[in-house]
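The values are calculated or read from the model by the stated rules, or taken from the named source; none is laboratory data. Predicted model only: the values in this text are computed from it and were never measured. Here the Cβ is made from the backbone with ideal geometry for all residues, glycine too, and neighbour counts use every protein chain on show.
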Amino acid sequence: MRELILLGTAPSRSLCPFDCETWGVCGVYTIEKINVIEKKPFRLDKLFITDTTFSPEGNLHWDINELHRIKKKYGTEIITLNPIGFGRMKLKSTQYPYDDFVEEFQTEYFTDSVTYMIAYALHLNVYDKFRFYGIDMASKIEYLTQKG
């Protein structure tokens, strides 16, 4: 049986055993440092970044150098909806095949990063079981903003 862990940043992320292929949403790469300190396992086979480069306040959402470090250390494939970069700092990534998936799944609506990951996994059609960690809504505000 081929299993896939889909990992978010909400509280149940701490329960993730990292014992099979693991895909993470945007900020999951920051968990790695905590796991190293606590001597817990960590792996990240794919990282999905579906947010924009900048926050509404104009700050960079991502530490591009840290993303490159994670990519090199763990062999992580970084998949982005939009190109990520600032000036000369560009994130080397794979473009999410959005148009192909819109056609395949007959919808243009993906509510959050997790749905982008699920669509990608369903498209590959090689997984028998999905396991979710850190996908619980972190707060009432998050629930309200993610609600379709």
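Evaluation of SER93 against the conditions (1) closer than 20 Å to ARG131 by Cβ; (2) touching a strand residue (DSSP E or B) at 6+ places or on another chain (Cβ under 6 Å) shows that the sole unmet condition is (1).
Out of the residues in region 1-43 that are of a type in the set (Asp, Glu) and in contact with a strand residue (DSSP E or B) (Cβ under 7 Å, 6 or more places away or on another chain), which is nearest to SER113 (Cα to Cα)? Can you show your working first?
Restricting attention to region 1-43, the residues satisfying the condition of being of a type in the set (Asp, Glu) are 3, 19, 21, 32, 38.
If we keep only those that are in contact with a strand residue (DSSP E or B) (Cβ under 7 Å, 6 or more places away or on another chain) too, we end up with 3, 21.
Numbers: GLU3: 19, GLU21: 17 Å.
The extreme case among them is GLU21.
Annotation note: of PHE42, PHE110, PHE86, the sole residue that is under 27 Å from LEU15 (Cβ atoms) and modelled with pLDDT under 90 is PHE110.
The condition of being of a type in the set (A, V, I, L, M, F, W, C), within 20 Å of LEU47 (Cβ to Cβ), out of contact with any strand residue (DSSP E or B) (no Cβ under 7 Å at 6 or more places or on another chain) and at pLDDT 90 or above holds for only one of ALA138, ALA119, that being ALA119. For GLU57, the conditions (1) surrounded by 13 or more Cβ atoms within 10 Å (Cβ to Cβ); (2) at pLDDT below 95; (3) charged (D, E, K, R) all hold with the exception of (1). Of the numbered criteria (1) modelled with pLDDT of 95 or more; (2) surrounded by 12 or more Cβ atoms within 10 Å (Cβ to Cβ), the one TYR98 fails is (1).
Does TYR120 qualify as being aromatic (Phe, Trp, Tyr), surrounded by 14 or more Cβ atoms within 10 Å (Cβ to Cβ) and either in a helix (DSSP H, G or I) or over 19 Å from the mean Cα position of the chain (by Cα) (or both)? Yes: the conditions hold for TYR120. If you go through region 17-26, how many residues are buried (at least 24 other Cβ atoms within 10 Å of the Cβ) and more than 16 Å from TYR127 (Cβ to Cβ)? Selection size over region 17-26: 1. Per the conditions (1) crowded, with 18+ Cβ neighbours inside 10 Å; (2) at pLDDT 95 or above, the sole criterion not satisfied by TYR29 is (2).
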